[in-house]
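Notes for the one structure printed next.
The numbers here are math on the coordinates, done by the rules we state, and not lab data. Note that the coordinates shown come from a computational prediction; the quantities given were computed from them, not determined experimentally. For neighbour counting, all protein chains shown are included, and Cβ atoms are generated from backbone atoms with ideal geometry for every residue, glycine included.
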Amino acid sequence: MKYLFYSLRPKQWIKNLFIFLPLIFGKKLFVSPANLKTVIAFCLFSLAAGVVYIVNDIIDIEQDKLHPLKCLRPIASGKISIRRAQIAAWILGVFIHCFIFRIEFYFWIGSNRLYYLQFPVFKDIENGRYH
């Protein structure tokens, strides 16, 4: 499990901290829910980048084995099998997509709620009068 985490290259995640700049410049770093949404976005973005790193390591395994530094990566060194790396990338990718879809779905429902509630049937459902 430790090597799988190393394959996600958490040292590279420092670059993803730029996602917090709008909150810092907008003086909303400690304002909820903006900061919570940004933390979630940072985590999802970092995991998505990690999945790309794993897939890249799988694709480039033969070249990485010959490189003096890249041969130390968990997949190239054999500490993680290609099959395990593929499964981990697939599971993380599905998790990220499901989570993002859920966020987009709730955003869509929230933003379109007022539009749909102007129809009489939906007004009755909203008020509990529709059976």
Lysines within cross-link reach of Lys70: Cα-Cα under 16 Å, excluding same-chain residues under 8 positions apart? Lys11, Lys79
Sort Lys11, Lys37 so the one with the fewest other Cβ atoms within 10 Å of its own Cβ comes first. Lys11, Lys37
Name the chymotrypsin sites (Phe, Trp or Tyr not before Pro) in region 1-93 that are in a loop by DSSP and that have at most 14 other C-beta atoms within 10 Å, would you? Phe30
Using the 10 angstrom Cβ neighbour count as an exposure proxy, how do Leu17, Leu8 rank, fewest first? Leu17, Leu8
Hz values of 3J(HN,Hα) by residue in region 19-34 - Karplus curve (6.51, -1.76, 1.60), Gly and Pro given as x: 5, 8, 4, x, 5, 5, 6, x, 6, 10, 4, 10, 9, 8, x, 4
